[in-house]
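Data block below; observations after.
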Amino acid sequence: MKDTSEDNQHEISDLPEEATRRGDDSEQQVITAMERYKNPKSKIFFNRKERILVQEELVTELALGFEHRRKAIGMALETRLHSIREACNHVLVTGKTHLRQQRLEYFAEVLRKVELRMNTLADEFLQDADQRFENLQNYKSEEIRSREKERLEKSVNDFLSTLDLLMEEFTNIINEHVDHSTV
């Protein structure tokens, strides 16, 4: 099957040439009409009033030919500009999609690594804390056991709260948006 976008592109690029050709045709028709009027034989058949009318019509026809040519070229250029806008928009959307995909994949991968590392740290800390809770029974003094238990419980709460806060801060970094539209 033939690529119609290539055909359309070819046609669009030919528009200024086509407009120029049509303008030249109009101009040639005006020149031919003026030459016929200049012919001494044709002047014999016109009186002064008719000659003035013919001249006015020739000037009007010439002006219309130029106006037609100007409009045709303007339309061709506007069509080409629209085509360029469409191509730029396509490149922009395609580029944005690719960059967003890369960003999502990168942040998902980093988030997974951070989560795994935090889980490893939590496991190590909690195993150590669990061992320390078991060792509480080795203290003879109830006061020492009670104070150490409170300290361990606070330490566990602080550590786990800090991990939660760090993960929240990390996800907030991912959610930050940088606006480069003013660049």
> Counting Lys and Arg as +1 and Asp and Glu as -1, each charge on the Cβ, what is the dipole of the range 128-173 about the Cα centre in debye, to the nearest 20?
Replying inline: 300 debye
> If you keep only loop residues by DSSP, which chymotrypsin sites (Phe, Trp or Tyr not before Pro) in the range 78-146 have at most 11 other Cβ atoms within 10 Å of their Cβ?
Replying inline: none
>> On a full-extension model of 0.36 nm per residue, what is the gain between Leu53 and Asp158, subtracting their alpha-carbon distance, rounded to one decimal in nm?
In response: 27.7 nm
>> Can you tally the net charge around Val93? Count Lys and Arg as +1, Asp and Glu as -1, for every other residue whose Cβ sits under 12 Å from the Cβ of Val93.
In response: +1
>> What are the ³J(HN,Hα) couplings of the range 85-93, residue after residue, when phi is run through the Karplus curve with 6.51, -1.76, 1.60 and θ = phi - 60°? Round to Hz, x for glycine and proline.
In response: 4, 4, 5, 5, 4, 4, 4, 4, 5
> What list of ³J(HN,Hα) couplings, whole Hz, do you get for the range 68-78 from phi and the Karplus terms 6.51, -1.76, 1.60, once you set θ to phi - 60° and write x for glycine and proline?
Replying inline: 4, 4, 4, 5, 5, 5, x, 5, 5, 5, 5
> Can you run phi through the Karplus equation (6.51, -1.76, 1.60; θ = phi - 60°) for the range 146-153 and list ³J(HN,Hα) in whole Hz, with x for Gly and Pro?
Replying inline: 5, 5, 5, 5, 4, 4, 5, 4
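Computed from the coordinates by the stated procedures, all read-outs in this text should not be read as laboratory data. Given the structure is predicted, the values throughout are model-derived calculations rather than measurements. So basically every Cβ, Gly included, is an ideal-geometry build from the backbone, and we count neighbours across all protein chains shown.
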